[in-house]
Amino acid sequence: MRVSVVGAGIGGLTLGLALHARGVEVDLYERADELREVGAAVALSANGSRELIRLGVGEALDRVSTMPTELIYRDGRSGERIAAHPGGAAYRERFGAPYWGIHRVDLQQGLARAFGPEHLHLGHGVTGVHDDGRTIALDDGRTVTADVVVGADGVHSVVRGYVTPDSGPTYSGTSAFRGLVPRRDLPSLPDPLAIQFWAGPDAHLLHYALGGVERDDDTVNFFAVLCGPEQWDGGNRPAADGELLAAFAGWHPAVVEMLGAVEQSPRWPLLSQPPLTRWSRGRAVLLGDACHAMLPHHGQGANQSIEDAVVLADLLAAGDADAALARYPRLRRGRTRAVAASAWETGTLLHLPDDDVDGLKARDARFENYLPANDWVHDHSATTTT
Ligand SMILES: Cc1cc2nc3c(=O)[nH]c(=O)nc-3n(C[C@H](O)[C@H](O)[C@H](O)COP(=O)(O)OP(=O)(O)OC[C@H]3O[C@@H](n4cnc5c(N)ncnc54)[C@H](O)[C@@H]3O)c2cc1C
């Protein structure tokens, strides 16, 4: 069995490693010349980290990650703690794997180092899929044929254009700014090593600390979400000067301090892919954001890509490509839809208006019960479901 993977993001690299580990020949084709996304981080929960540990990269990733001390929900204006859940060693003990905050570049480079350079083709963009899904066309004019082509090429997937041509992501009506701030610039921040959500009308702030024993770095990664604008065409765009701070005027001093500590980033549209009924066509199949891009409010997009990757690797390693591609969506569709729906719901809860008194009461109860109610997300062991 030979597999071509389009995209060496988190999902593509995990699939490459998992196929390698199972003795399947695999080549990764990545459009970017190098794996580098500085300034962006990702949080991996136990359902993702457990699979990376099984793939042998746990120790290396652990050294460049932090484990948030707690998961805290706060009122964005008063700063009052609405609810808190244990992080760190208590979380790891409960779910059998850690919660990691990690720079995206460290994660991708850690996975790429373990995969090795021989079959990782950087600077190779894929322009199309042909031949019943077996052949990819590269942007240098060459073609490559394999038994299976996997589209791990993200939310604007080229492979998805072959598998299900009329589909594509939709704008959620929400947009975001992000930043990395040195902890020393955040004297007002309570619990700086926790992962925290600050909730308020039409907006929220999420942040967590980065670092790790091998990383000379003590930054906090933040992600500030605003409802609106109603319409959005295209990708990120610069926002008017002071737009972010104006949207959070009157919020808790720690929030204002964090958002004002760095230059304002571009504003990002938050996209999600409506559920696809078709995950493969011929021998081409989709994985991760290409298939089910979701809102980030549950911190699960990358984790679900990792889960997809190890499930697909197990199925392909059994040797029957057609059987694998038939079974894969049956194992993954329900779960990814449920997680995506839950991310939408979390977004709604984080943005409730002040006059929705009953809604706010229900929200607080949901946040108090967040971890027990979401055991099904964190406890999941994807490799044991195949
Ligand atoms: C602001 C923000 C914060 C987030 N935070 C979290 C979080 O904390 N936890 C979490 O689990 N998820 C998070 N997510 C979601 C997560 O980033 C994605 O779900 C995850 O990166 C998806 O992985 P992927 O491998 O499917 O796609 P990607 O990571 O997007 O990788 C796709 C790769 O394919 C390459 N590519 C694209 N087109 C081509 C082509 N034509 N030819 C060759 N290569 C191509 C790209 O260059 C890229 O390297 C967040 C998302 C956002 C926007």
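Per-residue answers, yes or no, for (1) of a type in the set (Asp, Glu); (2) surrounded by fewer than 19 Cβ atoms within 10 Å (Cβ to Cβ):
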position: Ala112; (1), (2): no, no
position: His121; (1), (2): no, yes
position: Asp131; (1), (2): yes, yes
position: His156; (1), (2): no, yes
position: Tyr162; (1), (2): no, no
position: Ser175; (1), (2): no, no
If you check Glu59, Glu93, Glu51, Glu34, which single one turns out to be at pLDDT 95 or above, under 20 Å from the mean Cα position of the chain (by Cα) and over 26 Å from Met258 (Cβ atoms)? Glu51
Counting only residues that are under 18 Å from Phe248 (Cβ atoms) and within 16 Å of the ligand (Cβ to nearest atom), how many does the stretch 175-197 have? 9
Which numbered condition trips up Ala321, out of (1) more than 16 Å from the ligand (Cβ to nearest atom); (2) under 24 Å from Pro86 (Cα atoms)? (2)
Qualifying residue in the stretch 274-289 (condition: within 9 Å of the ligand (Cβ to nearest atom), under 30 Å from Ser78 (Cβ atoms) and within 23 Å of the chain's Cα centre (by Cα)): no
Does at least one position in the stretch 52-60 carry a residue that is more than 10 Å from the ligand (Cβ to nearest atom), part of a loop (DSSP other than H, G, I, E, B), aliphatic (A, V, I, L, M) and closer than 25 Å to Thr336 by Cα? yes
If a residue counts only when it is hydroxyl-bearing (Ser, Thr, Tyr), at pLDDT 95 or above and out of contact with any Asp or Glu (no Cβ under 7 Å at 6 or more places or on another chain), which helices (runs of 4 or more DSSP H) contained entirely in the stretch 208-309 have at least 3 such residues? none
For the stretch 172-207, what are the residues that are part of a loop (DSSP other than H, G, I, E, B) and closer than 15 Å to Leu244 by Cα? Pro201, Asp202
Residue count, the stretch 336-386 (criterion: surrounded by 14 or more Cβ atoms within 10 Å (Cβ to Cβ) and touching a residue at least 12 places away in the same chain (Cβ under 8 Å)): 29
Return the residue satisfying two criteria in turn: it lies in the stretch 133-152 and is part of a loop (DSSP other than H, G, I, E, B) and touching a helix residue (DSSP H, G or I) at 6+ places or on another chain (Cβ under 8 Å), and of such residues it is surrounded by the fewest Cβ atoms within 10 Å (Cβ to Cβ). Asp147
Just wondering, is there one or more residues in the stretch 284-292 that are crowded, with 22+ Cβ neighbours inside 10 Å, touching a residue at least 12 places away in the same chain (Cβ under 8 Å) and at positive phi? yes
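Which of the residues that make up the stretch 138-154 are under 24 Å from Ala324 (Cβ atoms) and near the ligand (Cβ under 10 Å from one of its atoms)?
Our first condition is that a residue be under 24 Å from Ala324 (Cβ atoms); within the stretch 138-154, this holds for 143-154.
The answer is Gly151, Ala152, Asp153, Gly154.
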Taking the condition at pLDDT 95 or above, outside any loop (DSSP other than H, G, I, E, B) and of a type in the set (A, V, I, L, M, F, W, C), does Val155 pass? no
Considering the stretch 17-49 alone, what residues qualify as being out of contact with any helix residue (DSSP H, G or I) (no Cβ under 8 Å at 6 or more places or on another chain), small (Gly, Ala, Ser) and more than 10 Å from the ligand (Cβ to nearest atom)? Gly39
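The values are calculated or read from the model by the stated rules, or taken from the named source; none is laboratory data. As the structure is a computational prediction, the values presented were derived from the model and not from experiment. When we count neighbours, we look across all protein chains shown, and the Cβ atoms used for this are built from the backbone with ideal geometry, even at glycine.
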